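Report on the structure given below.
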Amino acid sequence: MATSRTRRALVAGAAALAIGAAAAAQQSPESLLPPGFGDNAPTPTPSPVPSAVAPAPAGPGAAPATAPRVTATTPAGPLPPLTMPSPDATPTPAAPRYEMPAFARRSLAQLGPSDSFAADAFAGADGRYLERLMRRLSAPLPSRWLQIALRRLLAAELVTPAHVNGADFAAERAWLLLRMGESVTARAVAQSVDLDRVTPKLRQVWMQAALATADPAALCALAPGAGESERGWIVARAMCAGLTGTGKTQPLLADIRRRRVASGIDLQLAQKVMGAGLDSRQAITIEWAPVTQLTAWRFGLATATGVAVPGELYDTVGPQVTAWRALAPAIPLAERAAVADRAAAMGALSSAALVDLYSALADGDDVPAPLARTANDLRDAYVGDSLDTRLGAMARLWDAAETPAARYGRLILTARAAARLLPAGEVEQADRLVASMLSAGLDRTAQRWRGHVRAGSDAWAMLLLADPDGAARGASPRDYAPGGANAERKKQLFFAALAGLGDVPAADLADEGERFGVPVTRADSWTRALDQAVAARQQGTVLLLAAVGMQARGWETVPAASLYRVVAALRAVGLDGEARMIAAEAIARL
């Protein structure tokens, strides 16, 4: 019985778009919503259907007709996908009445919440091809700096590329941001489209973004116009009636139960949201005992209502939920701090935001002892009365981290504390001090340590790669002599990064690549697509393709040849800062 209910699919958002040539640009994202809201009969497992995307136009700089095939090793989402119904099953509801004057309406030709990137970043690219790249991309990415650059691109006010609807393209951008862990930015991108122009695909992603940010009230703008067969929105209408006090929730709840739209904890959490409204007399107790899978619905509604999610359920979801937790203001500071280091390593939190989080924690009451020690060490790292005190505090912070992601997160935490130190002689912790400063992009500050690090060390290598002026380069990749178990791997990545920055003579590139075991001259569909995007000066397409080529679980499995191609391509389209930071990060994270 339970298995049957689990297989019944609730699709959040509008009716899904058909799979095929006529609807390729409208392909709906995988749903993260909970099973158990189902139809009377289980949904059959769909058979694979080949994508049918019209080929991109040929010519100089044009993107290839098919996206390059790259093996993805990172889970694409917290939950397995649910089957989407045919769009014919549910008519598109009438658009809500729009009351703003014409001059205040936002165009679908150019939209986005930020000015963080050039509006013509995709100029000349085929939007259908870009959507395929975004849909195939496994996230989060192993590189913090590449993820930051990609977030800035997806959040920018971009000109909508050819052959796609602007609202659908915003949905694809927001969906990728959600998979990257960038829940707040994803919601901003979705909400950059006027309500009467929201498409079925965007409505679905809108719900996902509202749940990821624990903001069920964000559903209320679209809930009245959603179709009657869209079960997530049926429940959303009941929640919004409770939140706004505009309707009686009991008849709506009775109808939900009668139609078997929702049950169990999913309905209990919805009732909890309804009880948050004015004049509510509902008192709901949440029982997690029978729950074995966390979903976006359960995460969002529980977080919004102050219901603690059992820690073991977070083991059932993807790593992007780590960033959702760190960004959710409704979650207590201590719980956010427990995952903040990993979220920062992903790129979802800046160094300043991480310091602010721990500072707020230090000012609070009833702080767990380990977090209190971390906050005290952070204070000593910044304002300790001596160099030894500051270095000792930073060393304790670094050594306390238990995972590679958390260790890099601690480097981000101490970045500005490291920048406050004045170089003096050779410091034992120079490698980590330099890595810490560069983790926050403090490249010029880090260069002050150039004469105070051992030649051939990790710090030496990172300073060479991150030098904004290039004055410190010219060294041979053979001069790098790292220690430790990852020494050979670091040599490969250093050579690849140095070559990508143009510091290996072209005449020596093939021979040096063979010497280090890095096939820098090998070509495939991905490298050809990257070369075409570079030739067309499409910064956005280059960034997307760079992310496609660096899909991996961590830096230990990123191909060195891919690093070379990514760094070289970013430099070629004017993204020098991003190229240098990614190059230095490759050394810092091994």
Over the stretch 141-249: Kirkwood hydrodynamic radius from C-alpha pairwise inverse distances, Å:
14.7
Where does each of C220, C240 land when they are ranked from fewest to most other beta-carbon atoms within 10 angstrom?
C220, C240
Projected onto the charge dipole of the stretch 454-590 (+1 at Lys/Arg Cβ, -1 at Asp/Glu Cβ, origin at the Cα centre), which of P477, L465, A533 gives the Cα projection farthest towards the positive end?
A533
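Neighbouring Cβ atoms within 10 Å as the yardstick, rank S107, S525 fewest first.
Values: S107 10, S525 13.
Listing S107, S525 from fewest to most nearby Cβ atoms yields S107, S525.
Please state the relative contact order of the stretch 454-590 as a whole percent: Cα pairs under 8 Å, 6+ residues apart?
On the way: 165 pairs, mean separation 45.8, N = 137.
Relative contact order of the stretch 454-590: 33 percent.
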How many nm is it between the label spots at L195 and Q293, if each spot is 7 Å from the Cα in line with the beta carbon?
3.3
Under 17 Å from a label point 7 Å along Cα→Cβ of N486: give me every residue in the stretch 416-442 with its amide N that close.
430-440
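Which trypsin sites (Lys or Arg not before Pro) in the stretch 493-590 pass both tests, a DSSP loop state and at most 16 other beta-carbon atoms within 10 Å?
Values: sites: R515, R522, R528, R537, R553, R565, R571, R580, R589; in loops: R522, R537, R553, R589.
Here the sparse-neighbourhood loop sites are R522, R537, R553.
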Which lysines does K272 reach when only Cα atoms under 20 Å apart count, and residues fewer than 8 places away in its own chain are ignored?
K248
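Which value, in nm² and rounded to one decimal, describes the direction-averaged projected area of the C-alpha convex hull of the stretch 509-590? List each step's numbers first, then the result.
Values: hull surface 21.2 nm².
Projected over every direction and averaged, the Cα hull of the stretch 509-590 covers 5.3 nm².
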Between R444 and L387, what FRET efficiency comes out of the Förster formula 1/(1 + (r/R0)^6) with R0 = 22 Å and r the beta carbon distance, rounded to 0.05?
0.55
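Can you give the FRET efficiency to the nearest 0.05 for S263 and A283, using r as the Cβ-Cβ distance and R₀ = 25 Å?
Computed FRET efficiency for S263 and A283 comes out at 0.85.
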Kindly state, to the nearest 0.05, the FRET efficiency for A535 paired with D115, given R0 = 25 Å and r defined as their beta-carbon distance.
0.40
Give, as ranges by residue number, the residues of the stretch 171-199 whose backbone N falls under 19 Å from the point 7 Å along Cα→Cβ of A352.
184-185
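Based only on other Cβ atoms within 10 Å, what is the fewest-to-most ordering of W206, W398, W288? Write down the numbers at each step before the final one.
On the way: W206 27, W398 22, W288 16.
Least to most surrounded, the residues fall as W288, W398, W206.
Among rounded, prolate and oblate, which fits the stretch 454-590 when a ≥ b ≥ c are the square roots of the eigenvalues of its C-alpha gyration tensor, a/c under 1.5 means rounded, and a/b larger than b/c means prolate? Let's see the in-between values first.
Working: a/c = 1.56, a/b = 1.44, b/c = 1.08.
In terms of gyration-tensor shape, prolate.
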Label zone at A395, where the point sits 7 Å out along the Cα-to-Cβ direction: the stretch 404-427 residues whose backbone N lies under 20 Å:
407-427
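Since every read-out is calculated from the coordinates, none of them should be taken as a lab result. Please read these numbers as outputs of a predicted model, since none were measured by experiment. Every residue, glycine among them, receives a Cβ derived from its backbone with ideal geometry; neighbour counts consider all protein chains shown.
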